[in-house]
Amino acid sequence: MEISQTAAVVTGGASGLGAATARRLARLGAKVAVFDLNEETGKRLAEEIGGRFLRVDVTDEGSVEAGLAAAEEAHGVARILVNCAGIVSGAKTVGKEYAPFPLDLFRRTVEVNLVGTFNVLSRFAARLAQAEPRGEERGVIVNTASVAAFEGQVGQAAYSASKGGIVGLTLPVARDLAEYGIRVMAIAPGIFMTPMMASLPEKVQQSLAAQVPFPKRLGDPDEYALLVQAIVENPMLNGEVIRLDGAIRMPPR
């Protein structure tokens, strides 16, 4: 898929992996719509890259439909979707004083990370399926999983379940959308320098970086964006989850 002059949507695009992806796609000539709930940061980024910010709640069907319609009105039919919107949660299955995992926290984590991803991709695909193909394909969807989908640590039951769901839907959704020439991929990042990571003490960051076999550092969000670029540009990449983690395999804690 040619990126230049192609309309793209990036959810969770105001910061972290999403912001890096929005910047890279824009540098390559894409017309980028940034979906996020953080209006201040999102508008600032959209202005920086010459894109369009739209306040979208990925868990809300009406919000997603309105966002996609506004993005299409501004840039034309979007052919690239990168789903980066997500939240992190931490709680043990049985906590202090034998308290069970807060079900509302589990439900919210799955709702945002998994249901939100599917909500956006299904509505995006329904619009794109009606567009004229470009050569042999119509477009590509890249979802964000995590190495926690495979090696969830202590306290990551909800987060790992949500990201494991993204791994699980990659192949069947790619098969569903094959008849429309829409590819579906997922990236499972390891430990990256995101705003959440930057908020941790320097000693903790160094400890996490030391666990990465090579390169022995935290990932740069633009390295995630670089893989998005490779996926978009390579039409044979479809129905697969790619780990982007410096060969790390997460320990129990």
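The values are calculated or read from the model by the stated rules, or taken from the named source; none is laboratory data. The model shown is predicted, which means the values in this text are computed figures rather than measured ones. With ideal geometry, Cβ positions are generated from the backbone for all residues, glycine too; neighbour counts draw on all protein chains shown.
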Please work out which one of (1) of a type in the set (Val, Ile, Thr); (2) in contact with a strand residue (DSSP E or B) (Cβ under 9 Å, 6 or more places away or on another chain); (3) under 23 Å from Gly13 (Cα atoms); (4) surrounded by fewer than 24 Cβ atoms within 10 Å (Cβ to Cβ) is the condition Thr93 fails and give its number. (3)
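Restricting to segment 235-249, give me the number of residues that are among the β-branched types (Val, Ile, Thr) and in contact with a strand residue (DSSP E or B) (Cβ under 9 Å, 6 or more places away or on another chain).
Residues flagged as among the β-branched types (Val, Ile, Thr) and in contact with a strand residue (DSSP E or B) (Cβ under 9 Å, 6 or more places away or on another chain) within segment 235-249 amount to 2.
Within segment 222-233, can one find any residue that is hydroxyl-bearing (Ser, Thr, Tyr) and either over 22 Å from the mean Cα position of the chain (by Cα) or surrounded by fewer than 18 Cβ atoms within 10 Å (Cβ to Cβ) (or both)?
The answer is no, given that none of the residues of segment 222-233 is hydroxyl-bearing (Ser, Thr, Tyr) and either over 22 Å from the mean Cα position of the chain (by Cα) or surrounded by fewer than 18 Cβ atoms within 10 Å (Cβ to Cβ) (or both).
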Looking at Ile166, Ile187, Ile141, Ile191, can you tell me which residue is over 14 Å from the mean Cα position of the chain (by Cα) and touching a residue at least 24 places away in the same chain (Cβ under 8 Å)? Ile191
Look through segment 67-107, keep the residues that are of a type in the set (Lys, Arg) and touching a residue at least 24 places away in the same chain (Cβ under 8 Å), and return whichever of them is nearest to Ile187 (Cα to Cα). Arg79
With respect to the numbered conditions (1) under 13 Å from Val88 (Cβ atoms); (2) crowded, with 20+ Cβ neighbours inside 10 Å; (3) at pLDDT 95 or above, which one is the sole condition not fulfilled by Thr194? (3)
Every residue in segment 59-82 that is outside any helix (DSSP H, G or I) and farther than 23 Å from Met1 by Cβ, please. Thr59, Asp60
Consider Gln211 carefully, then state whether it is free of Cβ contacts under 8 Å to residues at least 40 places away in the same chain and either within 22 Å of the chain's Cα centre (by Cα) or surrounded by fewer than 20 Cβ atoms within 10 Å (Cβ to Cβ) (or both). no
Taking Arg253, is it at pLDDT below 95, farther than 26 Å from Arg23 by Cα, assigned to a loop (DSSP other than H, G, I, E, B) and of a type in the set (Lys, Arg)? yes
